[in-house]
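The values are calculated or read from the model by the stated rules, or taken from the named source; none is laboratory data. Because the structure is a prediction, the values reported are computed rather than measured. Don't worry about glycine lacking a Cβ; one is built from the backbone with ideal geometry, like all the others, and counts go over all protein chains shown.
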Amino acid sequence: MKTTITAACFVLATMLAPIASHAEDRDADRTHPMTFVKDSVITTKVKAMLADEKMSSLAHIKVDTDSKGEVFLSGTARTQEAADKAVSITRAVEGVTSVKSTIQVKKDD
């Protein structure tokens, strides 16, 4: 009788262990889904404002936002002024806490 109860408890514990370990799985990189929505809203606002400028070189700039509101700009611009304009436009967007730019100036040949 004791063997049957012990075996049943062992089987039950084996089946529940993955569920318990999954419930406690906390990855520091994973955040609440609303954070992702907030990030994408900031990214969309920045892209829309860059598009409103109607400068063709701003179309080659990639925008990414992290969970703290920091925006990363990358890509190419035709002039340094265009790259600086992209940074200033980004800083003006609500929710942006800081801007990091790796925009490279490349003139079209």
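Points to keep in mind about this one:
- Here Val71 meets the list (1) under 14 Å from Met55 (Cα atoms); (2) surrounded by 14 or more Cβ atoms within 10 Å (Cβ to Cβ); (3) of a type in the set (Val, Ile, Thr) almost entirely, failing just condition (1).
Here is a yes/no grid of residues against (1) at pLDDT below 90; (2) under 21 Å from Ser40 (Cβ atoms); (3) in contact with a Cys (Cβ under 9 Å, 6 or more places away or on another chain):
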{"residue": "Lys54", "(1), (2), (3)": "yes, no, no"}
{"residue": "Ser57", "(1), (2), (3)": "yes, no, no"}
{"residue": "Ile61", "(1), (2), (3)": "yes, yes, no"}
{"residue": "Ser67", "(1), (2), (3)": "yes, yes, no"}
{"residue": "Asp84", "(1), (2), (3)": "no, no, no"}
{"residue": "Ile89", "(1), (2), (3)": "no, yes, no"}
{"residue": "Gly95", "(1), (2), (3)": "yes, yes, no"}
{"residue": "Thr102", "(1), (2), (3)": "no, yes, no"}
{"residue": "Lys106", "(1), (2), (3)": "yes, no, no"}
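- In the stretch 49-96, the residues that are of a type outside the set (A, V, I, L, M, F, W, C) and in a loop (DSSP other than H, G, I, E, B): Glu53, Lys54, Asp66, Ser67, Lys68, Gly69, Arg78, Thr79, Glu94, Gly95
- Picking from residues in the stretch 39-62 that are touching a strand residue (DSSP E or B) at 6+ places or on another chain (Cβ under 6 Å) and not small (Gly, Ala, Ser), the one that is surrounded by the most Cβ atoms within 10 Å (Cβ to Cβ) is Val46.
- When Thr76 is tested against the conditions (1) at pLDDT 85 or above; (2) under 16 Å from Val96 (Cα atoms); (3) in contact with a strand residue (DSSP E or B) (Cβ under 6 Å, 6 or more places away or on another chain); (4) not small (Gly, Ala, Ser), the lone failure is (2).
- Taken over the stretch 86-109, the criterion of being within 16 Å of the chain's Cα centre (by Cα) and on the phi < 0 side of the Ramachandran plot is satisfied by Thr90, Val96, Thr97, Ser98, Val99, Lys100, Ser101.
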